Amino acid sequence: MDRENLLLHEILANDQEYLYNMASKTVVICGVGAIGSHLANHLVRQGISKMRVIDDDRVEEHNIGTQLYGITDIGAFKTKALQARIYLDMEIDVLAETRRLTQSNTKKFLKNADLIVDCFDNSESRKLVMNYCGFYEKACLHCGMGEGYGLVHWNAGYQVPKDTIAPDVCEYPLSLDLIKMTVLMANTASKEYLLYGFESNYECTIRDFKVRKYATITHTD
């Protein structure tokens, strides 16, 4: 039986143990826009009950087509709107940090996490997360998209992309397929790590509808 089928078999056979293990983990999501908001929703529905979300943006009208938020959330801080939606649906109290991540507060917001997920949309914030996790040897998964592709990559070997003036694919409703594919890759990579210690990098291209896994690292500690 290959590794993917083995994982699925174990999850189905040990559902309660799987949920218990997920509930014991603390996840921090940095940036709750198109990828981060949907990923948070996926993870709490699969057992994560200890989650911190970090973002200083407010919900705008153009966010509604691609992010988890609705019309009634316009004007609210994204972290607070996400916190309210998750509590309403799952009765899980996510910790909402409505602050911009800076050099002075990175340690405060990212400490005591079993997994840190970088879903930021700018290179400055991504570098803060990458450098912190590299220095303190924290598990960190970076998630991002470009025109036609999505990427999920662990901290080792990750290269922060440069900011560009090109249109942000996260702002276009017709990019929702790519967003959801990237979220699913991030969700799978997160669960693989939290349950089994695997660090698998993924990439997808929407044009030919391919998903590729590569460079898996297994942690046995």
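The values are calculated or read from the model by the stated rules, or taken from the named source; none is laboratory data. Computed from a prediction, not measured in an experiment: that's the story for all the values here. FYI the Cβ positions are ideal-geometry reconstructions off the backbone, even for glycines, and counts take in every protein chain you see.
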If you go through region 20-33 one residue at a time, how many are under 29 Å from G70 (Cα atoms) and either among the acidic types (D, E) or at pLDDT below 95 (or both)?
2
For V160, work out the one condition from (1) crowded, with 18+ Cβ neighbours inside 10 Å; (2) within 18 Å of L39 (Cβ to Cβ); (3) β-branched (V, I, T) it doesn't fulfil.
(2)
Yes or no: Y20 more than 13 Å from the chain's Cα centre (by Cα) and either assigned to a helix (DSSP H, G or I) or among the acidic types (D, E) (or both)?
yes
Applying the selection to region 73-107, what residues are exposed (fewer than 12 other Cβ atoms within 10 Å of the Cβ) and over 19 Å from R126 (Cα atoms)?
G75, L88, D89, E91
Given the criteria in a loop (DSSP other than H, G, I, E, B) and not basic (K, R), does I116 qualify?
no
Report, ordered by the first and then the second residue, all pairs with beta carbons closer than 6 Å, sequence separation of six or more or different chains, a first member in region 100-128 that is farther than 20 Å from G33 by Cβ, and a second member that is surrounded by fewer than 22 Cβ atoms within 10 Å (Cβ to Cβ) and among the β-branched types (V, I, T).
D114/T26
Please pick out the residue among Y196, Y202, Y214, Y136 that is touching an Asp or Glu at 6+ places or on another chain (Cβ under 8 Å) and farther than 20 Å from V32 by Cβ.
Y214
